[in-house]
Amino acid sequence: MPAFAYRPSEFLRRMRESSHLIYVLATTLAYLPPTLSWGQSSPAENRPDSEQNRTAIEFFEKRVRPLLVKNCYTCHSADTNAKGGLRVDDRRGLLAGGAGGPAIVPGDPEKSRLIQAVRYTDENLLMPPERALSDEEVADLTRWVADGAAWPAEDVATLVSEPDPAYARLRQEHWAWQPLQAPAAPAVRDTNWPRDDLDHFILAKLEERALAPVGDAERPALLRRLTFDLTGLPPNPDEVDAFLADRSADAWEKIVDRLLSSPAYGERWGRHWLDVARYAESTGGSRNLPFPHAWRYRDYVIDAFNADKPFDQFIREQIAGDLLPANSEAQREEQIIATGFLAVGVKDVNQRFKIRFVMDNIDEQIDAVSRSFLALTASCARCHDHKFDPIPTADYYALAGIFQSSDLCAGVRNKMGGGGLDYYDSQMLVNLGPKVEPTAEALAKIEEATRAVAVARTELQTLRTNLQGNDITADGRMKRQVARDKLNQLQNELFALTDPAANGVKTAMGVRDGQSIGDAEIRLRGEAEKIGPVVPRGFLSVVSFDGQPPVSPGQSGRRELAEWLASANNPLTSRVIVNRIWQHLFGQGLVKSVDNFGVTGDSPSHPELLDHLASRLVRDGWSIKRLVRTIVLSRAYGLAGDAAQAQLAVDPGNGLLWRHTPRRLEAEEIRDAMLSVVGTLDVHRPAASPASDLKVIELGNNGREARRLREVAGASRYRSVYLPLLRGLTPAALEVFDFAEQGMVTGHRDTTTVATQSLYLLNDPFVRREARELAARLLEPAGLGDEGRVQWAYRLAFSRPASAAEVERAKTFVTDYEVAARDLISAQPFTTAPTPAPAKTNGEADEAVVAEQPADGSSIEPLDPKIAAWTAFSQSLLGCAEFRYLK
């Protein structure tokens, strides 16, 4: 077989065996077939040893490059702000062009905007602006483009680095990349302990270390644990009573099945996946723009978990939903919305160079796909072969070709220093409904508005580049600002005419196959403009198996990538999702580094159990609900959270699972539990999102829209998953309790204890409002009595009755507080009041608790002393550790 018939990775391996690597590469590039060809597009560059190419390069270096340096680099190079997003110091930059499109079309000067600009035939396109080029200079540029726009190639010696020789060994030895096994459940001495095969794996490890598991959890604590784990909400007192009264053999199974069928299950477990999917409703970055349509992906995820969509299908839809067959229009829309997974990541819209913007977005997609489904850090191979895992740079760009062949439809574009709607691109969204053809009258209005915007943009650009822009108008504003305001107004008018969503078309974020389908070139050292050899589209060679789907030459390759990811023969996919599920139910994964199964990640504590569950998942049709049900019905899940000294001395981290590790509630659970306990939680799904009404213009951290969204979040009584989640504007209720990092795949949240959490629980208006509502709920029933109120409060907040000592302590606190509040009210009339502060816990009333600040701050009315006392008591329950922690 000829050397170049091998796959690129095999070809490079064989070439590295030669002591003349660089010489061989340099002398044979001309004969590389499409499987590994040189990345420039002109015929001359595909034959670097030809006389034609040498002549073209010589002409460029002598006549064209000096011309560009002298006349264009000041405004359009990497060392400047690259006005209009155009670079002329790089061939790729010229091909990509700027805001107006490609600057050159090799071989066709008449279609090249660069040639049109230097000819000075279009008054709106005159370059250089200071003076026209000479006829000879224009002729040189025209000849250069007509001949193919030759450009010197990068030194071939920089194309490849010597991969780590351990790559082959790692592929064969590292546990994560080996084929999935289906180990039998091991024998155990205590045969009465296991309830499921998975219990055998856990008990066998414990018996090896001569450790005994603790006893089973008490039923109220177990119900509270399960209800939070499956729904993110506490059980109500009636549910606790019903479970305690049910002594049937299947009582626990009935509770599990009821919770799994609850809509709250999808909201809880969908949020877990949204962490992994780095879900947010804005771009983030230096200029933060909203994603008004991101909520559709959020709802898709929640619905997928509630419907128990098979996880392999869940993968296919998020990677290639637009390319999958559909049985109905509703299914087609659902699958297209699913591709929002690839679109909701961070976007640096302030990136001045389009090619960098594109490649950075591709990198973000590769990182999201490889970490979320495979727990691999493939993005580390963007600039060089991976330092630890066997992922060569060629593999990275094999994936990059797939995403480069796809349009990223996030509705935004890059622009250096824009304003208003400059960053919005309605054409880069996916339309779900039927296309609405504009009338002739509408087209005329659109054409007129488009011209007006173009003229206004030119006027603004002119004022930016001359001193007249600093002149002051009669109303005291600078001319540049007046021009910017005019442009913003005209953009808004054009937006109203052209935006699909504004004109009733159902719109979503997602991806679609691009106009140009093809393989990607290696970017030398990861620099977008430094082009190396072409790499055929494909998958990561770290995992290979029989039957891998070949990439279709006529499509992007996303469908084949989805099939490769979702294959039962891909050992990473099933292991990774099983480990994520285990972590959510036990506090830590069988592999602690849930987002990294590579060499630098952790090894599994129970490798056989991991493979047992992964095989079981695949065998059971990739059903997440069925796997969750299996785990929560196990003996291991039902263990108490007690810490036994003998076990702590041997296994302080509970890696052997001799008990159930207590955990703090996550941010959403704390907020939602407050609403649920108080009785103010709205369990319905809201229509869309508060962010769906935002225009795609920059959001300031303290701007009007940011303040409005904070107010909306503070007043909302919907579940936390439905709060507006814009990057950099996380609601306070979520931010203080270690909310997910919205800019990256987050399979495991941190759990910290910091002062701001206490301050939030003491002072935040939301907490104080809910405490006030809880007090009103406790005081509402007539004839309940203080002891009855305390017992009810404990059952609501902790799913258990209060002890006699707790009742007496609470009654004393309420009585003393009420007396002190009454004395304070009689001693000091309330005309003004400070910002609400926490209630004191030493029996003295706090002025801010006794007085409630109206929303508009207009006046202060004293609270009834009894209400004030029970509000303070309620807040103490909502802020205590038992409310926030599960055993």
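Of the residues His606, His384, His584, His684, the one with the largest accessible area comes first in the ranking His684, His384, His584, His606, computed with a 1.4 Å probe on protein heavy atoms. Average accessible surface for the chain: 43 Å² per residue, computed with a 1.4 Å probe over protein heavy atoms with every protein chain in place.
Calculated FRET efficiency, Asp823 and Leu633, Cβ-Cβ r, R0 56 Å, to nearest 0.05?
Values: r = 56 Å, r/R0 = 1.00.
The computed FRET efficiency comes out at 0.50.
Ranked from largest to smallest solvent-accessible area, with a 1.4 Å probe on the protein heavy atoms, Glu364, Glu218 come out as Glu218, Glu364. Here the label points at Lys62 and Arg247, each 7 Å from Cα along the C-beta direction, are separated by 10.4 nm in the simple model. A simple rule links phi to the HN-Hα coupling: the Karplus curve 6.51 cos²θ - 1.76 cosθ + 1.60 with θ = phi - 60°, which for the stretch 545-561 gives 8, 5, x, 4, x, x, 6, 5, x, x, 10, 5, x, 5, 5, 5, 4 Hz, with x for Gly and Pro. Using the Cβ-Cβ distance between Arg710 and Val599 with R0 = 35 Å, the FRET efficiency computed as 1/(1 + (r/R0)^6) comes to roughly 0.20. Rolling a 1.4 Å probe over the protein heavy atoms of the stretch 753-801, with every protein chain left in place, gives an accessible area that is 58 percent carbon and sulfur.
Near Arg512, the amide H atoms lying under 5 Å from its own belong to Asp407, Cys409; only residues 5 or more places off or on other chains count, and H is placed 1.01 Å from N. Amide H contacts for Leu86 (H built 1.01 Å from N in the peptide plane; partners 5 or more residues away or on another chain; cut-off under 5 Å): Ala99. Can you give the angle from 0 to 90° between the axis of helix 219-231 and the longest principal axis of the chain, with both taken from C-alpha atoms, to the nearest 10? Once rounded, the angle reads 20 degrees. Note on Ala330 and Trp175: the model spin-label points, each 7 Å out from Cα along the C-beta direction, lie 4.5 nm apart.
Tell me, what % of the accessible area of the stretch 308-373 is carbon and sulfur with a 1.4 angstrom probe? Don't skip to the answer; put the middle values down first.
On the way: 880 of 1920 Å².
Here it works out to 46 percent.
Semi-axes of the equivalent ellipsoid of the stretch 319-401 are 27, 17, 10 Å, computed as sqrt(5λ) over the eigenvalues of the C-alpha gyration tensor in descending order. Taking Cα atoms only, the orientation of helix 197-208 departs from the longest principal axis of the chain by about 80 degrees. Counting every pair of alpha carbons in the stretch 206-280, the share spaced more than 16 Å apart comes to 59 percent.
Sorted largest first, the principal axis extents computed over the alpha-carbon atoms of the stretch 455-582 equal 75, 41, 36 Å. Net charge of the neighbourhood of Thr752, taken over other residues with C-beta under 15 Å away and scored Lys/Arg +1, Asp/Glu -1, is -1.
Just to confirm a number: summing +1 for Lys and Arg and -1 for Asp and Glu over residues other than Gly285 whose beta-carbon lies under 12 angstrom from that of Gly285, what do you get?
-1
What whole-number distance in Å separates the alpha-carbon centres of the stretch 567-616 and the stretch 728-769? Taking the Cα centre of the stretch 728-769 as reference, the centre of the stretch 567-616 is 28 Å away. Hey, of (1) 32.0, 102; (2) 28.7, 92; (3) 31.6, 114, which did the structure itself give for Rg and Dmax of the Cα atoms in Å when calculated? Correct label is (1).
Here r is the Cβ-Cβ distance between Leu784 and Lys254 and R0 is 25 Å; the resulting FRET efficiency, rounded to 0.05, is 0.20. Listed values for the stretch 586-594 are Karplus-derived 3J(HN,Hα) couplings in whole Hz (6.51 cos²θ - 1.76 cosθ + 1.60, θ = phi - 60°), namely 10, x, 8, x, 4, 10, 4, 7, 5, and x replaces Gly and Pro.
If you line up the long axis of helix 607-619 against the longest principal axis of the chain, both from Cα atoms, how many degrees apart are they, to the nearest 10? That works out to roughly 80 degrees. The H on the amide N of Ser282, modeled in the peptide plane, is under 5 Å from the matching H of Phe291, Arg727, each at least 5 residues off or on a different chain. Note that the stretch 252-266 has calculated 3J(HN,Hα) couplings of 5, 4, 5, 5, 4, 5, 5, 5, 5, 8, 6, x, 5, 4, x Hz, one per residue in order, obtained from phi through the Karplus relation 6.51 cos²θ - 1.76 cosθ + 1.60 (θ = phi - 60°); glycine and proline are x.
Put a dot 7 Å past the Cα of Phe388, heading toward its Cβ, do the same for Ser261, and the two dots end up 4.6 nm apart.
Per DSSP H run of n ≥ 4, the term is -39500 (n - 2.57); total these for the chain, divide by its residue number, and report the mean residue ellipticity at 222 nm rounded to 500 deg cm²/dmol. Write down the numbers at each step before the final one.
Working: 35 runs with 396 residues, N = 887.
Result for the chain, helices only: -13500 deg cm²/dmol.
The values are calculated or read from the model by the stated rules, or taken from the named source; none is laboratory data. These figures come from a predicted structure and were not determined experimentally. Positions of Cβ are generated from backbone atoms using ideal geometry, with glycine treated the same way; all protein chains shown enter the neighbour counts. The protein model used for the area step is the full one, side chains on, heavy atoms only, and it has no ligands, DNA or RNA in it. Shrake-Rupley method; radii C 1.70, N 1.55, O 1.52, S 1.80 Å.
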